[in-house]
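The values are calculated or read from the model by the stated rules, or taken from the named source; none is laboratory data. Keep in mind that what you see is a predicted model, and the values were worked out from it rather than measured. Ideal geometry is used to build each Cβ from the backbone, glycine not excepted, and the neighbour counts take in all protein chains shown.
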Amino acid sequence: MNVVVTGATSFIGATAIRQLLQAGHEVCAVVRPMSGNLQHLEKQIPEESRGRIRILELDMGEIARIKEWMHGPADGWLHACWGGAGSDNRTLRDVQQANVAGSLAAVRAAKEAGCRRFVFTGSQAEYGICHEAVTEKMPCRPVSEYGKAKTDFAMQAEPLCRTLGMDYIHARIFSVYGPGDHPWSLVQSCLRTWQQGGEIKLGECTQWWNFLYIKDAAEALACLMEKGRAGYYNVAGRDTRRLREFVEEMYRLCKCRGSFVYGERPQNAEGLADLLPDITKIHTETGWEPKTPFAEGIYETLHCLPEGTSGKTNI
């Protein structure tokens, strides 16, 4: 397949590109002109695959013109471009709704580029606060503006893709971790702090949680691109436990350096939700299965951490 990827330098986008290349596909990676994250993408490109990727510097405001720079029609489009994913920006309606308009422009550009399918990186935030097992049939009741905007986009993109003759495939991605993640994420904040022997202040961490290693998430997106039918899919791990169990396992893997305190951080923009994902659908329809144990993923993440991280953090 010839696949266009927008959000190509993002945490998920760059790793998905690596997976698509390793699976033998050709990729057109769309990046912002003068992107400061281009190096992150370049590190993900296997040397033997460099002849099958083209990096196109194009602002999302100009995405409607992508066909002018393409060398031929594309088969699929992976849209991983979404600004304001940090906790503070998740509460800002104008920031999040701007993503909706830009992403709908990407849908129209995908049709112009010849695509037959459009894969979107959605979020578990679309479900809102849940305390039971979550299947794709659950109604969406998002709390944050981030979750609301992802839901708004889906409600418009699905019928638009149908009208344009494209399959709309929506991946509701749960809690992904690994090398290259945002430095403010729970996993990165804990590991960076304890690596330096510092103290981290946490919330209560009593909710049920589920982590998915970035490589497994990328493989899921590649599977959906290759053989997923139109529809919605939960993308998550198999390992669900109380969040405190994950925190304390990370602490042990850091050889108990530093310290942590529970109950010192307010809730984030999503509220106190349990993550209890059901991934039966994606496994049944594509055969995808997460492979990386949490401890192995944490070891890989620790190995890739930069030097000189802060010694005291609130998260």
Some residue of region 141-152 being touching a Lys or Arg at 6+ places or on another chain (Cβ under 7 Å), charged (D, E, K, R) and over 26 Å from LYS291 (Cα atoms): yes
Helices (runs of 4 or more DSSP H) fully within region 133-250 counting 1 or more residues that are free of Cβ contacts under 8 Å to residues at least 60 places away in the same chain, surrounded by 17 or more Cβ atoms within 10 Å (Cβ to Cβ) and of a type in the set (Lys, Arg): 145-164
Conditions (1) buried (at least 18 other Cβ atoms within 10 Å of the Cβ); (2) closer than 24 Å to SER144 by Cα; (3) not polar (S, T, N, Q): number failed by CYS28: (2)
Residues satisfying the stated conditions in region 1-28, i.e. of a type in the set (A, V, I, L, M, F, W, C) and over 19 Å from ASN99 (Cβ atoms): MET1, VAL3, ILE17, LEU20, LEU21, ALA23, VAL27, CYS28
Residue list for region 262-276, filter: polar (S, T, N, Q) and in contact with a helix residue (DSSP H, G or I) (Cβ under 6 Å, 6 or more places away or on another chain): none
TYR232 vs. criteria more than 30 Å from LYS255 (Cβ to Cβ), within 16 Å of the chain's Cα centre (by Cα) and not hydrophobic (A, V, I, L, M, F, W, C): yes
Residue identified as at pLDDT 95 or above and in a helix (DSSP H, G or I) among ALA106, ALA74: ALA106
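Results for (1) over 29 Å from VAL143 (Cα atoms); (2) of a type in the set (Lys, Arg); (3) touching a strand residue (DSSP E or B) at 6+ places or on another chain (Cβ under 6 Å), shown as yes or no for each residue.
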position: ALA218; (1), (2), (3): no, no, no
position: ARG241; (1), (2), (3): no, yes, no
position: SER259; (1), (2), (3): yes, no, yes
position: TYR262; (1), (2), (3): no, no, no
position: THR286; (1), (2), (3): yes, no, no
position: LEU305; (1), (2), (3): yes, no, no
